[in-house]
Amino acid sequence: MRGNAQPGAVFGWMQRHMSRRTAVLSRLVGGNAVELSASGAWVELSDGRRMLDFGSYAVTLLGHRPEAVTNAVREQLDTQTTATRLLANPVTARAAAGLAAHFPGLPRVLFGLNGCDVVEAAVKLARLATGRPRILAVEGAYHGKSLGALALTHHPDFRRGLVGSTHAVTHLPVDDPLALDRETADDDVAALVFEPIQGENGVRALDPHVLATWCATARQRGVLIIADEIQSGLRRCGESSLARALELDVDAVLLGKPLGGGVMPLSALVCRDQLFGPMADDPALHTATFAGHPLACAAVPPTLDMLDRLAGRGAELSAAFGAGLHDLAAEAPETIRAVRGRGLLWGLQFDSAATADRAVAQLARRGLLVSPCLSARDTVRLLPPMVSSDDDLAHALSALRVTVGTSRPAVAR
Ligand SMILES: Cc1ncc(COP(=O)(O)O)c(C=O)c1O
């Protein structure tokens, strides 16, 4: 086994040095095996089994190790891996220019490594640019778990014991178009931050009419508008930006997850000059040692190119998979309470959190990896990569069908 580590040793290290509960969960999902390698839509395990990866928390939209991306990163690995950050770096600058070209009207780019890095940067810049303290987010929102981002995340479980350490955020009720009007009466709100589709909250799309009303009022009141598309953007849901496709006049789009091609950790804030203003005045205002790392930025041009080239295939997969999931739900209405989704982001809502948890383990046993929803534990997320084949979709639907008890087990692949 690669790294001379037997699975027993891996679980032992995790139990002793990392999270005991994570070790138990990954042992259950992997059936005592660990992941060894991955390519395209499939992951290989230490016991020789393979699992179709419709999970990975929305990172592997291009599948694992897409060749164009690994080639670009490998070339960069052989050229320069660390930026001096005093000299200009062409790879980082080209990645910024590529992103800005992808989002016309949003010319400024700030890189991070994780989603919450750019949530925090956007909130900080919005407060400085407007001189106002408050932020509006949305009930059900998920924006990450570092302290600044956590203030915007709505689920109380993630904030237990931390009240007082996060900054002033008000969460708007999803179905109240007048909520923003009420909350901005005192001219003390810097920004509205929203996910067009709340992925972690069970794949729930916000009402476009409510969003349009909020954004129109925000514009009148000088409130900056920030679309967190870390999960739903970059064509996961068909469009590069759902907010822009809805013609919402946003000041910034936040990107992450698949931005590094599923190869490198990378996130970006792509925004207008006004939001970026404080950085233009003082670039040292928001820095991080590894932000704009050339190895990660080398992944951006091939990733954007592949996402565009595979968009048509993504739409085909979406139509076929969505139809399959709706059929499945119609066959098992007592177990599956709802199917929600768009593009390659789908949520299956089970009758309870316990059933959803069991389904995650049972699906893995049947060779399908999925992602639980962090803020809606009764819902399981299915995130097919754009490189899935028709056979892969059939395999996923068959594993789901057996798991919800509507057909007999098929012969293993
Ligand atoms: C919409 C959204 N924003 C922010 C985040 C936080 O990203 P990260 O976990 O990379 O910090 C996530 C993660 O799931 C997300 O879905």
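List of remarks:
- Label-point gap, in nm, between Thr79 and Met18 - each point 7 angstrom along Cα→Cβ: 3.2
- When the Cα gyration tensor is reduced to axis lengths a ≥ b ≥ c, the ratio a/c is 1.5 or higher for segment 67-308, and with a/b above b/c it is classed as prolate.
- Mean Kyte hydropathy of -0.5 or more with a Cα span along the axis of at least 27 Å, helices from DSSP in the chain: 311-331
- Comparing Arg340, Arg21, Arg377 in a Gaussian network model of the chain (Cα springs below 10 Å), the most mobile by mean-square fluctuation is Arg21.
- Simple label model, 7 Å out from Cα along Cβ direction - Arg182 to Asp390, nm: 5.2
- Convex hull of alpha carbon positions in the chain: directionally averaged projected area 20.5 nm².
- For the chain, built as a Gaussian network whose Cα springs stay under 10 Å, the top-fluctuating residue of Ala245, Ala126, Ala68: Ala245
- The chain: calculated mean residue ellipticity at 222 nm from DSSP helix runs of at least 4, using -39500 (n - 2.57): -11500 deg cm²/dmol
- Gyration tensor analysis over the Cα atoms of segment 61-191 returns equivalent ellipsoid semi-axes of 35, 18, 16 Å (largest first, whole Å).
- Ordering of 146-152, 30-36 by packing [mean C-beta count within 10 Å, highest first]: 146-152, 30-36
- Relative contact order of the chain: 21 percent, from C-alpha pairs under 8 Å at least 6 residues apart in sequence.
Laboratory data are not the source of any read-out in this text; all were calculated from the coordinates shown. This structure is a prediction, so every number in the text was calculated from the model and none was measured. In this analysis, Cβ positions are derived from the backbone assuming ideal geometry, glycine residues included, and neighbour counts consider all displayed protein chains.
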